Amino acid sequence: MNMLDAMVARRSARRWTGRLATFVDRHFLALASLPAMGIVAAVTVVPFIAALGLSFTNYSLAYPDRIRFVGLETYVSVVEDGQFSDILANTLYFAVGAVVVETVLGVALALALARPLRFIGAARAIYTIPLMTANVAAAVAWKALLNQNSGWITAATGFLGLPAVDWLGDPTTAMPALIVADAWTGIPIVAVLVLAGLLSMPTEPSEAALVDGASPFQIFLHVTLPAIKPVLVVCIVFRTVEAFRQFGLIQIMTGAGPGIKTMVLNYYVYQQSFSYGHAAYGAALAVLLVLMLGGCLGLILAVGRWRSD
Amino acid sequence: MRGAVALVAIVVLAACQTGQSGGGTKESITMWGTSNTLNDYWATTLGDFEAKSGIKVNYLRVPEDGYNTKLQTALTAKDSSFDVFIAYYGLLPAFKSMGAIAPLDSLISQSSAGADLADIAPRLVAACTYKGSVYCIPQFGDTTMLYYNKKILGDAGINGPPKSWDELVADAAKVHNASHAGFCARSTVDSPSWFPGAMMLQYFLPYSSQNMASFLDDKWHPLLTTPEAFAMASTYQKLLKQYGPNGIASYGFQECEHDFQQGKLAFFLDASDFSGEILDPSKSTVVNQVGFATIPCPASNSAHCTLTAPWGIFINQNGKHSAAGWKLIQWLSSKDIQTKSVKDGQFAPAVTRNSVLTALSGSKQLPTDLANALQQGYSTVDPLAFPQIPEVFDVLNPLSVALSKILSGQASSTKAFTDANSQMTDILKKAGYIT
C-alpha cells in the first residue's frame, strides 16, 4: 500500500510540474514583464491616481486637517486663474520651439555624421559630449555664457559690433535663450538616435535613386526620410515629453521670469504644490499637464501613422 | 491619504538622513538646518556642547533650495526623527497651523538663566512670537542694510550715506558711470525680488498698528495702489533701471553682492547678513572701503521703517527630545557663542544680543558703523511687516512678478502694481481673509 501511495504521489507531482512548465512556456512573455509592469504601476500609475484623487479635494500643506472633497472646484479655479492662459501659451512655446529646433538640427547633424569621412568617429564622440553633461551643470554654464556683462556670448556679439543683450532678463529673448540651452542637449540625443537609423539603412535604394538622377534633397525626402521615420517619431515623442517635463533649466536660468515670461506648466505645478503648499491645486495642474502631454503625443503618433498609410 | 503622504515623506527624509544616532549611553538629538556660513560654523562648535552636556547632536544640513519644502513636508507628516530645526520666522504661522511647534514660554521661564531674552533685541523676539507666545529663538538678526562704497562716494564728493530715499536716488545718479553702477538690489522673481521690494515698501508706506501687515490694511486689502506705494515703485524703477548695472533684470543677490565686492557698485541694498562676506578679504576687494547704513525713518513711519527676516531655532513638537533640544538652543544663542562666532570671523548679524553688539562694536569683525546700523535697524524693525498667515509667500509673489515686469519693461510701475494689488486681493479672498 505504501509503495502504491508513493507512486501515485510521484505521478501527481510530475503532472503538476508538467502543467506548471506548460503554463510558464505559454505565458513566458507576460510573466517576464510582470516585475517591470509592477514597478511601472507602483511609480507612475499609483501616483497618478493619487494625484487625480487629490485634485478633487482642497488639500493644502498648511491646513492638512481641513481636507474635503470639492468635486471640480479646483479645476474651475485653475481655469479662472488669471495667469493660466499665459502659462499654457509659454508651455506650448517652449515645447514646440525646443522639439522643432532639436529635431531639425538633430537630423541635419545625424546626416553629417553619417558620411564616411576621415575622423568621423572622433567627430561623433565630440557631438555626444552634451549627453554626458548633467542638466544642472549645463544650466549653470548657459546662465554664465548668457550673462550680459561677462558672458562669452556677449563678448562674441561685442566683437561683431552688436549691442550687449540681457538674454535672460529681456521678455523677448528669455524663452528663446532657454530653447537654445535645451537644444544643446536635445540635438545630440536626436542625432545619435537618427544616426543609428541611418547607419542601419540599406544603401541600395539611395544608390538606385542616384543612378535614376535624383538630387540629394530628393533622395533625402523620398528615400531617407521614410526609412528613418519610425526613429524620428520616437525622437519627437521623447523630446516632447522632455520639453513638457523641463524644470531644472528654467529654475536655474530664469526662475520663470522675467515676470512670468518663462513660467511653464511643470514649474507652476512645483510652485503651487511646494512653494505655496497648494497640493490639490498643484495636483489639478499636474493632471492637466499629463492630459495635455497625452494629447500632443497622440497627435504626433497619429500624424506618424497617417503619413505611413 | 495623509497617512500615505506622511509615509512617503518619512521614507524620503530617512533616505536623506546622513547622521546616525550616537553610540553608548549618550542622549542623541537631531537638528535640521540649511547649509550656509553660520550653520556650517555652528557645526564646528557642537563638539564643545556635546562634551559639556553629554548630548550627542546629529546636525543635518541641506542646501537652502528646497529646504522649506523638505521641512514642511516632514512637519506635515509629523516626522519625529528630528528634534530641533532652524527655519525662516515667516513660516511660523504655517508651522503652528500644522501642529508642528509648541510654545517655548514654559521652557524659557523654567530655565535658571532663562534664555536671557531681555538681552536680545525686543523686536527680533517679537518676530518669533505668535499670538502672545514665543515659538523660536532668533538665530540671527537680519535687518535692512544699505552697503556703500566710501571710495566711490568720496570720489564723487559725497561725504556720507544718504539720509533719505530721495538723497539715495540723487547720490546714485551722481556716481553711476561706465566703470561702476549706482545701485543694485536683487531683481529676479526667484531671488526673490519681493525682499528688497518689501524693504522699500516698509519705508514708504505709513505705519498703522491696525494693519494686518505693513502692506495690508486692517481689512486685509493690499495697499499697492496707494500714492505711497506708487512712489515706491517709481523710485525702484528709477534706481534700478537708470542707475543699476546692465542686465539688472537678471540680477539676483549673488550678482549684486559680487559686483559690490569687486568695487563695481556704489550702493547695494539687501539684508544685513551679507556683511560677513563683504568683510571677508578672500572674497571682497572693498573690505577697507565699505560703509554700512540704514536710511533714517521718515516722519510718517518713524519707528517701523526697516524689515527683519530672521531665522529662528524651533523645537519640533513631534520630536522626542525637547528638553535636550532646548539645552542646545540656549547654548547656540548664548552670549559666549555669539561672541566667539564674531571673533572667529562669522557674520555680525549672528549677534542678536545687545550686550555682545555693544562689547564688540569697533572691532575688526564688527566695525562701528555696522554695529550702529544693526542696532538702528533692530530698533526700527516692524516684526509684523509680513502677514502672519501660512499663505505669506503666496501673497508676496505678485510683488516679485510686478517688480520684475517693471525692470524688464513689460509694464509701467503703476500698471504692474495695480495688477499685483488685484492678484494679492484674489489670493487673500480665496484664502478667506477678505470676505
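The values are calculated or read from the model by the stated rules, or taken from the named source; none is laboratory data. Owing to the predicted nature of the structure, the values given are computational and were not obtained by experimental measurement. We place every Cβ from the backbone using ideal geometry, glycine too, and count neighbours over all the protein chains shown. Heads up: the accessible areas ignore ligands, DNA and RNA and are worked out on the full protein's heavy atoms, side chains in. Shrake-Rupley method; radii C 1.70, N 1.55, O 1.52, S 1.80 Å.
Going by the structure shown, is residue A:264 farther than 26 Å from residue B:252 by Cα, at pLDDT 95 or above and out of contact with any Gly (no Cβ under 7 Å at 6 or more places or on another chain)? Steps first, please.
Numbers: farther than 26 Å from residue B:252 by Cα: no; at pLDDT 95 or above: yes; out of contact with any Gly (no Cβ under 7 Å at 6 or more places or on another chain): yes.
Answer is no for this residue.
Could you look through segment B:148-194, keep only residues that are within 14 Å of another protein chain (Cβ to nearest Cβ) and open to solvent by 50 Å² or more (accessible area, probe 1.4 Å), and pick out the one that is nearest to residue B:288 (Cα to Cα)?
B:179
Only one of (1) within 21 Å of the chain's Cα centre (by Cα); (2) part of a loop (DSSP other than H, G, I, E, B); (3) within 14 Å of chain A (Cβ to nearest Cβ) is not met by residue B:409, so which one is it?
(1)
Does residue B:271 satisfy the condition of being touching a residue at least 60 places away in the same chain (Cβ under 8 Å), open to solvent by less than 10 Å² (accessible area, probe 1.4 Å) and within 26 Å of residue A:170 (Cα to Cα)?
Numbers: touching a residue at least 60 places away in the same chain (Cβ under 8 Å): yes; open to solvent by less than 10 Å² (accessible area, probe 1.4 Å): yes; within 26 Å of residue A:170 (Cα to Cα): no.
Judged against the criteria, residue B:271 is not a match.
For residues that are part of a loop (DSSP other than H, G, I, E, B), surrounded by 20 or more Cβ atoms within 10 Å (Cβ to Cβ) and not aliphatic (A, V, I, L, M), tally how many sit in segment B:46-97. Please lay out each step first, then the result.
Kept after step one, since they are part of a loop (DSSP other than H, G, I, E, B), are these residues of segment B:46-97: B:54, B:63-66, B:77-83.
Restricting the remaining residues to those that are surrounded by 20 or more Cβ atoms within 10 Å (Cβ to Cβ) gives B:77, B:79, B:82-83.
Narrowing further to those that are not aliphatic (A, V, I, L, M): B:79, B:82-83.
Qualifying residue count for the region: 3.
Name the single residue, out of those in segment A:77-102 being over 25 Å from the mean Cα position of the chain (by Cα) and open to solvent by 70 Å² or more (accessible area, probe 1.4 Å), that is nearest to residue A:295 (Cα to Cα).
Initial filter on segment A:77-102 (over 25 Å from the mean Cα position of the chain (by Cα)): A:77, A:79-82.
Now drop any that are not open to solvent by 70 Å² or more (accessible area, probe 1.4 Å), which leaves A:79-80.
Values: A:79: 18, A:80: 22 Å.
For segment A:77-102, the residue satisfying everything is A:79.
Answer yes or no as to whether residue A:268 is open to solvent by 20 Å² or more (accessible area, probe 1.4 Å) and farther than 29 Å from residue A:121 by Cα. Write out each step before concluding.
Numbers: open to solvent by 20 Å² or more (accessible area, probe 1.4 Å): no; farther than 29 Å from residue A:121 by Cα: yes.
Criteria not met by residue A:268.
Quick one: count up the residues across segment A:291-309 that are surrounded by fewer than 15 Cβ atoms within 10 Å (Cβ to Cβ) and either among the hydroxyl-bearing types (Ser, Thr, Tyr) or over 30 Å from residue A:221 (Cβ atoms) (or both).
Keep residues of segment A:291-309 that are surrounded by fewer than 15 Cβ atoms within 10 Å (Cβ to Cβ), which gives A:291, A:294-295, A:298-299, A:301-303, A:305-309.
Narrowing the set further to residues that are either among the hydroxyl-bearing types (Ser, Thr, Tyr) or over 30 Å from residue A:221 (Cβ atoms) (or both) leaves A:291, A:294, A:308.
Summing the residues that are surrounded by fewer than 15 Cβ atoms within 10 Å (Cβ to Cβ) and either among the hydroxyl-bearing types (Ser, Thr, Tyr) or over 30 Å from residue A:221 (Cβ atoms) (or both) in segment A:291-309 gives 3.
Looking only at segment A:221-259, which residues are part of a helix (DSSP H, G or I) and within 14 Å of chain B (Cβ to nearest Cβ)?
Of the residues in segment A:221-259, the ones part of a helix (DSSP H, G or I) are A:221-245, A:248-253.
Result: A:248, A:249, A:250, A:251, A:252, A:253.
Determine the pairs where a residue that is closer than 15 Å to residue A:95 by Cβ, located within segment A:159-185, has a partner that is polar (S, T, N, Q) with Cβ atoms under 6 Å apart, the partner being 6 or more residues away or on another chain.
Pairs that qualify, where the first residue is closer than 15 Å to residue A:95 by Cβ and the partner is polar (S, T, N, Q), are A:175/A:262; A:178/A:262.
Criterion first (open to solvent by 50 Å² or more (accessible area, probe 1.4 Å), free of Cβ contacts under 8 Å to residues at least 60 places away in the same chain and more than 12 Å from chain B (Cβ to nearest Cβ)) does residue A:105 satisfy it?
Details: open to solvent by 50 Å² or more (accessible area, probe 1.4 Å): yes; free of Cβ contacts under 8 Å to residues at least 60 places away in the same chain: no; more than 12 Å from chain B (Cβ to nearest Cβ): yes.
No, not satisfied.
Being crowded, with 17+ Cβ neighbours inside 10 Å and free of Cβ contacts under 8 Å to residues at least 12 places away in the same chain narrows it down to one of A:282, A:255, so name that one.
Working: A:282 fails: free of Cβ contacts under 8 Å to residues at least 12 places away in the same chain.
A:255 is the lone residue from the list that is crowded, with 17+ Cβ neighbours inside 10 Å and free of Cβ contacts under 8 Å to residues at least 12 places away in the same chain.
Could you check segment B:246-268 and list, in sequence order, the residues that are within 18 Å of residue B:285 (Cα to Cα), out of contact with any Gly (no Cβ under 7 Å at 6 or more places or on another chain) and open to solvent by less than 10 Å² (accessible area, probe 1.4 Å)?
Going through segment B:246-268, the residues within 18 Å of residue B:285 (Cα to Cα) turn out to be B:253-268.
Cutting the leftovers down to out of contact with any Gly (no Cβ under 7 Å at 6 or more places or on another chain) gives us B:253-265, B:268.
Within segment B:246-268, B:256, B:260, B:265, B:268 qualify.
Step by step: first the residues of segment B:229-243, then only those that are touching a residue at least 60 places away in the same chain (Cβ under 8 Å) and open to solvent by 10 Å² or more (accessible area, probe 1.4 Å), then the one that is nearest to residue B:425 (Cα to Cα). Which residue is that?
To start, the set of residues in segment B:229-243 that are touching a residue at least 60 places away in the same chain (Cβ under 8 Å) comprises B:229-230, B:233-243.
Subsequent filtering for residues that are open to solvent by 10 Å² or more (accessible area, probe 1.4 Å) retains B:230, B:234-235, B:237-238, B:241-243.
On the way: B:230: 17, B:234: 22, B:235: 24, B:237: 23, B:238: 27, B:241: 28, B:242: 31, B:243: 32 Å.
Checking each candidate, the answer is B:230.
With a cut-off of at least 3 residues that are outside the structural domain of residue B:290 (by TED's automatic domain parsing) and in contact with a helix residue (DSSP H, G or I) (Cβ under 8 Å, 6 or more places away or on another chain), name the helices (runs of 4 or more DSSP H) lying wholly within segment B:105-184.
Details: elements: B:105-110, B:122-127, B:150-155, B:165-175.
Counting at least 3 such residues, we get B:122-127.
Going by the conditions given, is residue B:380 in contact (Cβ under 8 Å) with a residue 40 or more places away in the chain and either aliphatic (A, V, I, L, M) or away from every other protein chain (no Cβ under 14 Å) (or both)? Spell out the reasoning first.
On the way: in contact (Cβ under 8 Å) with a residue 40 or more places away in the chain: yes; either aliphatic (A, V, I, L, M) or away from every other protein chain (no Cβ under 14 Å) (or both): yes.
So residue B:380 passes the test.
Here is a list: A:141, A:155. Which entry is away from every other protein chain (no Cβ under 11 Å) and either basic (Lys, Arg) or within 27 Å of residue A:113 (Cα to Cα) (or both)? Can you show your working first?
Details: A:155 fails: either basic (Lys, Arg) or within 27 Å of residue A:113 (Cα to Cα) (or both).
Result of the check over A:141, A:155: A:141.
Tell me, yes or no, whether segment B:390-401 has at least one residue that is without any contact (Cβ under 8 Å) to a residue 24 or more places away in the chain and of a type in the set (A, V, I, L, M). If you could, list the steps in order and put the result at the bottom.
As a first pass, look at segment B:390-401 and keep what is without any contact (Cβ under 8 Å) to a residue 24 or more places away in the chain: none.
Within segment B:390-401 (the criterion being without any contact (Cβ under 8 Å) to a residue 24 or more places away in the chain and of a type in the set (A, V, I, L, M)), the answer is no, since none of the residues qualifies.
Of all residues in segment B:195-213, which are farther than 30 Å from residue B:156 by Cα and open to solvent by less than 20 Å² (accessible area, probe 1.4 Å)? Can you show your working first?
Filtering segment B:195-213 for residues farther than 30 Å from residue B:156 by Cα gives B:205-213.
Hits for segment B:195-213 are B:205, B:213.
Quick grid of which residues meet (1) within 12 Å of chain B (Cβ to nearest Cβ); (2) in a helix (DSSP H, G or I); (3) over 24 Å from residue A:243 (Cα atoms):
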position	(1), (2), (3)
A:53	yes, yes, yes
A:61	yes, no, yes
A:82	yes, no, no
A:90	no, yes, no
A:93	no, yes, no
A:96	no, yes, no
